[in-house]
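To start, the structure under review is shown below, and the notes come after it.
Just so you know, all these numbers are worked out from the coordinates, no wet-lab data involved. What you see is a predicted model, and the numbers here were worked out from it, not measured in a lab. Using ideal geometry, Cβ is built from the backbone for each residue, glycine included, and neighbour counts are taken over all protein chains shown.
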Ligand SMILES: [Zn+2]
């Protein structure tokens, strides 16, 4: 690891100190009607927290927790859509992971995302569509691999990411340097990616200014909502609890309430990205879910 890589890792890690309705076409509501063939849930690192209470409540003071972290690769007809990009692949060469300066969090990446994609038979160049739930380092670590994809970002997240002080919001600017010339579609709300209701970006601000989640209609499993970090744990979801590190607590509650109504309306199940217990029950790549 050279100096610039070390700097990059440290910047990516600093983000973890902080982190870590538009009309739906009728087709989206019809059970079984989808153009999505399958989805791969890829292990994209782990966040080892020393004090879970930062994300939950004072009752968890001093309690350790290992957050799961995933990337999701979706096959839609003949195209690939990638959701989130995990921790930087270079962390795989660091057996002790990367610990933040305060020593409260250590992050690991066990297998490079590029290698996980290769096992599936996909290269970054094959990914036509790419979006991140938000710009924090555990979701944007490998964004640079997808500079040739069409990228979907909320305008508010774009402004936070390329604005004057991304680090203040826990966003590592180094992860986004190579995307400056990329084709980035700036969104102001929900977006039906393929215009058939099968893959829909949902605006869920609060954790960051332009946080977003992803609705995916799977052929056998049915509709699933991929949380991003609008909620971190099932216990937080049940208690409608907002982590102390969130950008805006009021927005977060509004997003949670909005998604609760959305889940009821669509019958979708909620897959919470960082929830380790829930993650254990979900098959991981190179296996896939249908
Ligand atoms: Zn996260």
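Just name the residue that is nearest to residue 56 (Cα to Cα) out of those in region 193-229 that are touching a strand residue (DSSP E or B) at 6+ places or on another chain (Cβ under 7 Å) and surrounded by fewer than 18 Cβ atoms within 10 Å (Cβ to Cβ). Going through the qualifying residues, I end up with 221.
Among the residues of region 50-68, those that are under 13 Å from residue 275 (Cα atoms) and crowded, with 16+ Cβ neighbours inside 10 Å comprise 52, 55, 56, 65, 67, 68. Any idea which residue in region 138-149 is nearest to the chain's Cα centre (by Cα), counting only those that are assigned to a helix (DSSP H, G or I) and closer than 27 Å to residue 65 by Cβ? Per the stated criteria, the residue is 139.
Please specify each residue of region 245-271 satisfying the condition of being farther than 20 Å from residue 210 by Cβ and within 16 Å of the ligand (Cβ to nearest atom). The answer is 270, 271. Pairing each residue of region 210-238 that is on the phi > 0 side of the Ramachandran plot with any residue that is within 16 Å of the ligand (Cβ to nearest atom) and assigned to a strand (DSSP E or B), provided the two are 6+ apart or on different chains, yields C-beta distances under 9 Å for 228/83; 228/212; 228/213; 228/214.
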